[in-house]
Amino acid sequence: MNAERGVARYRAIWISDIHLGTRGCQAEYLLDFLKHTDSEYLYLVGDILDIWRMKRSWAWRQSHNDVVQKLLRKARKGTKVIFIPGNHDDLFREFLNSDFGQIEIRPEHIHVTKQGKRFLVIHGDEFDVVVTYAKWLAVLGDWSYNALLSFNTVFNEIRRRLGYPYWSLSAYLKQKAKRAVEFVGAFEDALADEARKRGVDGVVCGHIHKAEMRMIDDILYCNDGDWVESCTALVENMDGEMEILHWAEIRQLSFAA
């Protein structure tokens, strides 16, 4: 962390599952993260906007505009910003391999670390059986999930007024659900298998809102998490080492008045 500017410098940053346009989006936390970090590469690993949700209801605040403007500003100032659309913003898949305001839109990407390790960067919904083969069920699940996030928002507003930091109820419940754990394990194994087939050293993905970094046999599996529940990012330090940042915990954010 640069003491003078209060900015941490990284070689690469991965963020995903921001879900701009929904009430559950923690845009204020993300703005704080973007303000206090800088990088050579910035990967937007899908579900940046939640077009699924916005088709049914609109929850776009000024802070959501501020996030978009901050990302565009970083691109203008020389950060290489690569956007890999996910299932919730799949509309942008119609514009793959084009650029938008100096932001590159790509279906996937191979990132090479300072240490020469090669990582497949992909959102990951292609490896989610529910999304791929039963989209109606995914939409139903998305409705109930957003209902839980709405409750989570109210819950954390009460915590904020009491001066307590952010805490993710939905993430806690997910950890306790056996079937969710089984699904996550299958998803992680599928992504590791794909990376192995591609002949790369690891994979970076999002989609399931569970930050993780672990070896699966010979593959380093990395999930950058999300900005509706855990407020996490994956980073490559300047020496090439990878780590997950739990931003709300690092900054002890509560946004208390």
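Numerical summary
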item	result
Any pair with Cβ under 7 angstrom, 6 or more apart, that starts in the range 60-82 at a residue that is crowded, with 20+ Cβ neighbours inside 10 Å and ends at one that is among the basic types (Lys, Arg) and in a helix (DSSP H, G or I)	Val81/Lys74
First in the range 241-252 and within 19 Å of Arg214 (Cβ to Cβ), second anywhere and among the polar types (S, T, N, Q) and assigned to a strand (DSSP E or B), Cβ under 7 Å, 6 or more apart	Ile244/Thr232; Leu245/Thr232; His246/Thr232
Filter result (crowded, with 18+ Cβ neighbours inside 10 Å, at pLDDT below 95 and of a type in the set (Gly, Ala, Ser)) within the range 226-257	Ser230, Ala248
Odd one out for Lys35, checked against (1) touching a residue at least 60 places away in the same chain (Cβ under 8 Å); (2) closer than 27 Å to Gly240 by Cα	(1)
Some residue of the range 104-127 being free of Cβ contacts under 8 Å to residues at least 12 places away in the same chain, surrounded by 16 or more Cβ atoms within 10 Å (Cβ to Cβ) and of a type outside the set (A, V, I, L, M)	yes
Qualifying positions in the range 198-257 - basic (Lys, Arg) and in a strand (DSSP E or B)	Arg214
Search result, residues across the range 96-123 that are assigned to a loop (DSSP other than H, G, I, E, B) and among the basic types (Lys, Arg)	Arg106, Lys114, Lys117
Boolean, Gly116 is of a type in the set (Gly, Ala, Ser) and within 30 Å of Phe183 (Cβ to Cβ)	no
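The values are calculated or read from the model by the stated rules, or taken from the named source; none is laboratory data. This is a predicted model, so every value here is computed, not measured. For neighbour counting, all protein chains shown are included, and Cβ atoms are generated from backbone atoms with ideal geometry for every residue, glycine included.
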